[in-house]
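The values are calculated or read from the model by the stated rules, or taken from the named source; none is laboratory data. A quick note: this is a predicted structure, and the numbers were derived from the prediction, not measured. We place every Cβ from the backbone using ideal geometry, glycine too, and count neighbours over all the protein chains shown.
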Amino acid sequence: MIPLTFSLAVIFLLNIWTSGYATSCGANQTDINGLCCDLCPPGTYMKDFCTVNNPTVCSPCNEGYFSDKFIIFDRCQECQICQQEYAEKCTPTMNAKCSCRSGFLCSDNICSTCEENKCVTGEKVNKTAIPTGGGLVKYSYQCEPACADNTYFDVKEDKCKAFTQCSAFRLQERFPGNKTHNSVCSVYAGMQDSDSLQVIFGIGFVLLCFSLLVFVFHACTKNLRKHKANKNPILPVSTNISDFHLSKEESGIQLVIQDESKDCNTSGELYLGKETTH
């Protein structure tokens, strides 16, 4: 019967010899049936193992499949199919990278599915990572205020701003601020009764002055128009024949008429003189 200690020693020596033989394979090689066979590079898969006379036979990955490292497998991995958008498309040496549209969030680290972002304006997303093994990490999302207390989120400037303190300006707060809007102050609510009366009288005085100014302007305009009319009166139309320019024919006729008038006046004077003689 073989002693127990001798059996253990033999097993120990065999383990050392096997480990030494296995580690004698080079980089990117593996021990297959006692032979150091080459691994297939990225973008390929192992079609046939190596033999004593033949090396390893590798074949390219088919469309829709990939291999991103040296492998001894007889097939490539299937490319990931994205639910919404592709950040990077699948290649023979790299898997696809997925992303979600605006308003959606990835459910895990490879964005296998997309879920709706339920946070509203003034809130931000708080992501919690939950490892599940196998390299997959799931995400859990919670909505929380984007700004601290006594502040609101300004959408236009895309930042948090402090609420306006109405009391600091002697104004009354009409509407309190919230996570998306500033406080609304009332202009007149913070005034005392005397202040309100002063404002009313001030507005009335301004309106009265404006009315007087309009009245004075209208009166001045009316007087100015009347003064211009008196300064440029309409001249009467002349009826004297001598004021008109006559042609030669018209001038001759006028001379004949004047001569006849003179003869008639002379005859009348002679006739009257004769009667006086008698």
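What are the pairs with Cβ atoms under 6 angstrom where one residue, in the stretch 47-64, is within 26 Å of Cys90 (Cα to Cα) and the other, located anywhere, is exposed (fewer than 14 other Cβ atoms within 10 Å of the Cβ) and of a type in the set (Ser, Thr, Tyr)? Sequence gap at least six, or different chains. Short answer, once both residue conditions are applied: none. Among the candidates Cys147, Cys166, Cys185, the residue that is within 19 Å of Cys119 (Cβ to Cβ) and either surrounded by 11 or more Cβ atoms within 10 Å (Cβ to Cβ) or among the polar types (S, T, N, Q) (or both) is uniquely Cys147. Filtered by the rule that a residue be under 30 Å from Glu63 (Cβ atoms) and in contact (Cβ under 8 Å) with a residue 24 or more places away in the chain, the stretch 90-110 gives Cys90, Thr91, Pro92, Thr93, Met94, Asn95, Cys106, Ser107, Asp108, Asn109, Ile110. Inside the stretch 111-161, residues that are among the hydrophobic types (A, V, I, L, M, F, W, C), touching a residue at least 24 places away in the same chain (Cβ under 8 Å) and in contact with a strand residue (DSSP E or B) (Cβ under 8 Å, 6 or more places away or on another chain) make up a count of 9.
Does the stretch 73-80 include one or more residues that are out of contact with any Phe, Trp or Tyr (no Cβ under 8 Å at 6 or more places or on another chain), modelled with pLDDT of 90 or more and of a type outside the set (A, V, I, L, M)? For the stretch 73-80, residues out of contact with any Phe, Trp or Tyr (no Cβ under 8 Å at 6 or more places or on another chain), modelled with pLDDT of 90 or more and of a type outside the set (A, V, I, L, M): present. If I ask for residues that are under 25 Å from the mean Cα position of the chain (by Cα) and under 26 Å from Lys97 (Cβ atoms), which ones from the stretch 115-168 would you list? If the condition is that a residue be under 25 Å from the mean Cα position of the chain (by Cα) and under 26 Å from Lys97 (Cβ atoms), then Glu116, Asn117, Lys118, Cys119, Lys124, Val125 are the ones that fit. As a summary of the residue check, Thr91 satisfies the conditions (1) more than 27 Å from Asn109 (Cα to Cα); (2) at pLDDT 95 or above; (3) in contact with a Phe, Trp or Tyr (Cβ under 7 Å, 6 or more places away or on another chain) except for the one numbered (1). Assessment of the stretch 169-180 against the conditions (among the hydroxyl-bearing types (Ser, Thr, Tyr) and either in a loop (DSSP other than H, G, I, E, B) or in contact (Cβ under 8 Å) with a residue 60 or more places away in the chain (or both)) yields at least one matching residue.
When Phe70 is tested against (1) in contact with a Pro (Cβ under 7 Å, 6 or more places away or on another chain); (2) exposed (fewer than 14 other Cβ atoms within 10 Å of the Cβ), exactly one condition is not met: (2).
Of the residues that make up the stretch 191-205, is at least one β-branched (Val, Ile, Thr), modelled with pLDDT under 85 and closer than 30 Å to Ser167 by Cβ? Yes. Does Thr113 meet the test of being touching a Phe, Trp or Tyr at 6+ places or on another chain (Cβ under 9 Å) and either at pLDDT 95 or above or polar (S, T, N, Q) (or both)? No: the conditions fail for Thr113.
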